[in-house]
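Below are the structure tokens for one structure; questions will follow.
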Amino acid sequence: MSELENSGYKGRALRLLRDADCQVGDIIRITSRGKTYEGILIPRGELGDATNIIIKMKSGYNIGIGASEGVNVEKVGVGTKPTFASSPLPKQNSALPHVIIMSTGGTIASRVDYRTGAVRSAISASDLYGVVPELSEIARVDTEIVFSIYSENLTPKNWKELAQKVAEHINQGVDGIVIAHGTDTMGYTSAALSFALQNLPVPVILVGAQRSSDRPSSDAATNLIGAVKAAGEAPFAEVGLAMHETVSDSAIVVHRGVKVRKCHTSRRDTFKSINGFPIAKVLNQKITMQNSDYKRRDTSKQLVLKPDFCEKVALVKFYPGMDPAVIDFYVNQGFKGVLLEGSGLGHVSMFCFEAIKNAIAKGVVIALASQCIWGRVNMNVYDTGRDLLSLGVVPLDDMFPETGLVKLMWALGQTSDPEEAKQLLKTNITGEFVSRTLPQEKTVYGAQ
Ligand code: GLU
């Protein structure tokens with residue numbers, strides 16, 4: 001395939017460009033319906049309208065001109081192919097806190113791919129630093145690309161590698177870590193790191209974006225500035241996740257890593273603290289702690305690294321009419337744990353009891369969280385809950401299913417003994433459950 005075809009042009013548009021010997025980056029003149037347009041030929045969206053030729057005008061605007069009958073194309077100059085150049089690093093101020101930005105991929109680390117019109121994981125952590133020069137006034141930043149992966153493609157092996165790399169930086173004495181991450185599964189990674197990195201001396205802050213950093217509407221810069229500020233200076237030392245507090249581009253909140261969930265497909269304030277409150281807020285470069293219940297920054301603390309996760313753990317959502325063979329399947333496949341996402345206060349139908357009993361008899365740990373998301377499971381209210389408890393199902397208090405799943409993977413990564421794993425599940429490792437539920441009106445979506 002020629003470079004031109006590779007640039008997404010098809011049909012008459014491709015023919016016109018080929019006949020005029022044009023390549024992407026050339027300066028071309030298009031005459032259409034008595035009007036003349038001149039600009040640089042840029043690649044076009046493969047998934048868009050096949051009849052348009054896209055040029056970047058002198059004004060900086062891109063326009064599409066329909067390659068209809070009577071349109072004339074001529075090459076007026078040979079240009080250079082557009083590439084993404086890394087921005088130069090701003091000057092470092094040695095008096096500022098030392099923060100490492102580790103990049104894993106996702107929208108925050110991506111640019112629009114003009115070939116497909118899609119967003120690609122493309123820019124490095126140092127580009128992030130380059131495109132947000134304000135960071136140089138907040139911290140002395142060093143960067144590392146750990147992965148360039150959309151977060152839906154990350155696995156517990158990546159969590160382990162990431163935790164190990166974070167630990168290396170912390171052991172070298174940095175003031176804080178920021179991890180740029182795709183938002184889709186950022187809540188899972190924040191929970192995983194919360195269990196894997198215990199007794200943290202400094203903060204570890206995950207950050208993402210809903211719009212890529214080269215778009216004017218991007219939330220990447222504000223999120224990144226908030227995250228770096230918190231990592232470098234906040235008085236807490238926990239795994240947090242920093243994103244917009246509301247849809248407006250002002251405050252950034254840092255949620256506790258085990259209590260945060262992506263709740264909206266596209267809004268900038270997609271992340272919400274569930275059954276808890278954000279730890280801190282960053283507004284106009286000022287950090288305000290949101291409550292007094294947090295682990296303190298203290299560089300004399302010795303980090304404890306426990307990065308192993310068991311991948312033979314499944315999340316099974318209960319629904320009316322669910323075939324218990326789903327549970328049998330995982331048992332037969334040698335899974336070590338199943339997190340049941342039960343209904344209401346913590347229930348699954350009585351038709352699943354036999355399969356659960358059999359799984360537990362075979363040493364599979366069965367834990368239960370509620371698909372309600374908000375609130376806590378209470379399996380003592382109805383007989384269904386009591387029956388499940390007597391079968392040996394472990395209730396996960398006010399943990400929502402995703403954090404419950406990660407905790408079960410982590411617990412079974414620490415021990416292969418189901419009883420020990422159950423004990424770990426019941427132990428509050430890092431604030432993943434609270435013993436008393438907060439007033440409900442303050443914990444529901446949008447009410448914070
Ligand atoms: N699905 C991708 C990811 O989670 C892009 C979305 C995003 O970064 O928000 O990595």
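Ala13 is checked against (1) farther than 18 Å from Lys58 by Cα; (2) open to solvent by less than 60 Å² (accessible area, probe 1.4 Å); (3) in contact with a helix residue (DSSP H, G or I) (Cβ under 9 Å, 6 or more places away or on another chain) and fails just one. What number does that condition carry?
(3) is the only condition that Ala13 fails.
One line per residue, one yes/no per condition, for (1) within 15 Å of the ligand (Cβ to nearest atom); (2) farther than 17 Å from Leu305 by Cα; (3) surrounded by fewer than 24 Cβ atoms within 10 Å (Cβ to Cβ); (4) among the small types (Gly, Ala, Ser):
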{"position": "Ser194", "(1), (2), (3), (4)": "no, no, no, yes"}
{"position": "Pro201", "(1), (2), (3), (4)": "no, no, yes, no"}
{"position": "Arg211", "(1), (2), (3), (4)": "yes, yes, yes, no"}
{"position": "Leu224", "(1), (2), (3), (4)": "yes, yes, no, no"}
{"position": "Ala230", "(1), (2), (3), (4)": "no, yes, no, yes"}
{"position": "Asp249", "(1), (2), (3), (4)": "no, yes, yes, no"}
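I'd like the residue in region 376-393 that is β-branched (Val, Ile, Thr) and surrounded by fewer than 21 Cβ atoms within 10 Å (Cβ to Cβ) and, out of all such residues, is nearest to Val260 (Cα to Cα).
Val381
Which of the residues that make up region 95-115 are away from the ligand (no atom under 16 Å from the Cβ) and modelled with pLDDT of 90 or more?
Across region 95-115, the qualifying residues are Ala95, Leu96, Pro97, His98, Val99, Ile100.
A further question follows. Please work out if Pro216 is modelled with pLDDT of 95 or more and open to solvent by 10 Å² or more (accessible area, probe 1.4 Å).
In short, no.
Considering only region 280-299, I want to know if a residue exists there that is within 16 Å of the chain's Cα centre (by Cα) and at negative phi.
Going through region 280-299, the residues within 16 Å of the chain's Cα centre (by Cα) turn out to be none.
No: region 280-299 contains no residue that is within 16 Å of the chain's Cα centre (by Cα) and at negative phi.
Does Gly77 satisfy the criteria of being away from the ligand (no atom under 16 Å from the Cβ), at pLDDT 70 or above and open to solvent by 30 Å² or more (accessible area, probe 1.4 Å)?
So Gly77 does not fit the description; no.
Results for (1) at pLDDT 95 or above; (2) among the basic types (Lys, Arg); (3) in contact with a strand residue (DSSP E or B) (Cβ under 9 Å, 6 or more places away or on another chain); (4) open to solvent by 40 Å² or more (accessible area, probe 1.4 Å), shown as yes or no for each residue.
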| residue | (1), (2), (3), (4) |
| --- | --- |
| Glu402 | yes, no, yes, no |
| Leu405 | yes, no, yes, no |
| Trp410 | yes, no, no, no |
| Ser416 | yes, no, no, yes |
| Gln423 | yes, no, no, yes |
| Thr427 | yes, no, no, yes |
| Val434 | no, no, no, yes |
| Pro439 | no, no, no, yes |
| Ala447 | no, no, no, yes |
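Going by the conditions given, is Val381 of a type outside the set (Asp, Glu) and more than 19 Å from Tyr319 (Cα to Cα)?
yes
Hey, another quick one. Please name all residue pairs, on different chains or six or more residues apart, with Cβ atoms under 9 Å, provided the first residue is in region 174-195 and is within 22 Å of Thr299 (Cα to Cα) and the second residue is part of a loop (DSSP other than H, G, I, E, B) and within 10 Å of the ligand (Cβ to nearest atom).
Ile179/Thr104; Ser190/His181
Quick one: which strands (runs of 3 or more DSSP E) sit completely within region 271-375 and have at least 1 residues that are surrounded by fewer than 17 Cβ atoms within 10 Å (Cβ to Cβ)?
280-283, 286-289, 313-317
Quick check: anything in region 226-234 out of contact with any Lys or Arg (no Cβ under 8 Å at 6 or more places or on another chain) and among the charged types (D, E, K, R)? Show your work before the answer.
Of region 226-234, the ones out of contact with any Lys or Arg (no Cβ under 8 Å at 6 or more places or on another chain) are 226-233.
Subset that is among the charged types (D, E, K, R): 229, 233.
Yes: region 226-234 contains one or more residues that are out of contact with any Lys or Arg (no Cβ under 8 Å at 6 or more places or on another chain) and among the charged types (D, E, K, R).
Need the failing condition index for Gly176 against (1) surrounded by fewer than 24 Cβ atoms within 10 Å (Cβ to Cβ); (2) at pLDDT 95 or above; (3) away from the ligand (no atom under 11 Å from the Cβ), just the number.
The single condition Gly176 does not satisfy is (1).
Given the condition at pLDDT below 95 and of a type in the set (A, V, I, L, M, F, W, C), answer yes or no: does some residue in region 352-375 qualify?
Yes: one or more hits.
Just to be sure I understand the filter: pairs with C-beta atoms under 7 Å, separated by 6 or more residues or on different chains, first member in region 343-355 and closer than 17 Å to Met399 by Cβ, second member open to solvent by 40 Å² or more (accessible area, probe 1.4 Å) and in a strand (DSSP E or B). Which pairs pass?
Filtered contacts from region 343-355: Gly346/Pro395.
Further question on the same structure: Being in contact (Cβ under 8 Å) with a residue 60 or more places away in the chain and assigned to a helix (DSSP H, G or I) is the filter; apply it to region 128-148 and report the residue that is surrounded by the most Cβ atoms within 10 Å (Cβ to Cβ).
Among them, the one singled out is Leu128.
The values are calculated or read from the model by the stated rules, or taken from the named source; none is laboratory data. These numbers were taken from a predicted model, which means no experiment stands behind them. Note that we place each Cβ from the backbone using ideal geometry, even for glycine, and neighbour counts take in every protein chain shown. The accessibility values were calculated without ligands, DNA or RNA, using every heavy atom of the protein model including side chains. Shrake-Rupley method; radii C 1.70, N 1.55, O 1.52, S 1.80 Å.
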